[in-house]
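So the structure is just underneath, and the comments pick up after that.
The values are calculated or read from the model by the stated rules, or taken from the named source; none is laboratory data. Keep in mind that this is a model prediction, so the values were computed, not measured. Positions of Cβ are backbone-derived with ideal geometry, glycine not excepted, and every protein chain shown enters the neighbour counts. Remember, those area values only see protein heavy atoms, side chains included, never the ligands or the DNA or RNA. Shrake-Rupley method; radii C 1.70, N 1.55, O 1.52, S 1.80 Å.
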Amino acid sequence: MAKSTITTSALGLSDSSTDGTVMASGPVVTKKKVTPRVKKATTKLPPNPFVQEILDLANKQRKIDDRIEVLKEYRNDALTAVLIWNFDESILSVVPDGEVPYEKNDVPIGTDHTTLRREWKNLYNFVKGGNDTLSSIRRETMFIQMLEGLHPDEAEILCLVKDKILARKYPKLNQEIVAQAFPDIKWGDRAAQ
């Protein structure tokens, strides 16, 4: 009697085994490794970030809740002072509107700059009711000196804030988002009559 040999290739089976035994029948199915989607976390900022870094990060967020969380996480007095000055309609700037003629401080970041974190206490000099004893020339000189000492990005923010046009650079930030992030801020009735 003759033995017949049936091979896996004759049957159209393949299991990719090298020892010749058939483990499964049917076409070879390769499983794809599925990686679950991970929610992208917001980028962490260094300790004591510049106001510009906080606003940049908040403006990059797609969801309103994420923008609010960034503002809450990095809240500081300089940030709140800048946001109040920009969004509170009762605060009036006494520095002239428009472009400010100052020399940008072009030294590398972190070397010869002051920051809004240090200078925010002097911002009262530039709003109505803050320091009315200053002459307009002295006030403008102080403002220019402050801008020249700040990092250029923070100086730009201060120039936008004095004209209440911060939304031109950060269109995703508005008073409603700031009010949700900082519910303790009381809006209105700030300017001296």
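Is it the case that some residue within segment 155-178 is in contact with a strand residue (DSSP E or B) (Cβ under 7 Å, 6 or more places away or on another chain), open to solvent by less than 70 Å² (accessible area, probe 1.4 Å) and of a type in the set (Lys, Arg)? Yes, there is a match, as at least one residue in segment 155-178 is in contact with a strand residue (DSSP E or B) (Cβ under 7 Å, 6 or more places away or on another chain), open to solvent by less than 70 Å² (accessible area, probe 1.4 Å) and of a type in the set (Lys, Arg).
Look at (1) open to solvent by 50 Å² or more (accessible area, probe 1.4 Å); (2) part of a loop (DSSP other than H, G, I, E, B) and you find that GLU148 fails only one, number (2). Of all the criteria given as (1) at pLDDT 95 or above; (2) farther than 21 Å from ASP97 by Cβ; (3) not β-branched (Val, Ile, Thr), the one not satisfied by MET142 is (2). Note on segment 3-122: enclosed helices (runs of 4 or more DSSP H) holding 2 or more residues that are at pLDDT below 70 are 8-11.
On inspection, MET142 passes the criterion of being assigned to a helix (DSSP H, G or I), of a type in the set (A, V, I, L, M, F, W, C), surrounded by fewer than 19 Cβ atoms within 10 Å (Cβ to Cβ) and within 29 Å of the chain's Cα centre (by Cα). Selection over segment 179-189 of residues that are open to solvent by less than 70 Å² (accessible area, probe 1.4 Å) and within 16 Å of LYS72 (Cβ to Cβ) gives a count of 4.
GLN193 passes every criterion in (1) modelled with pLDDT under 95; (2) under 20 Å from ALA58 (Cβ atoms) apart from (2). Out of all the residues in segment 58-79, which are under 13 Å from ILE177 (Cα atoms) and in contact with a Leu (Cβ under 9 Å, 6 or more places away or on another chain)? The answer is ALA58, ASN59, ARG67, VAL70, LEU71.
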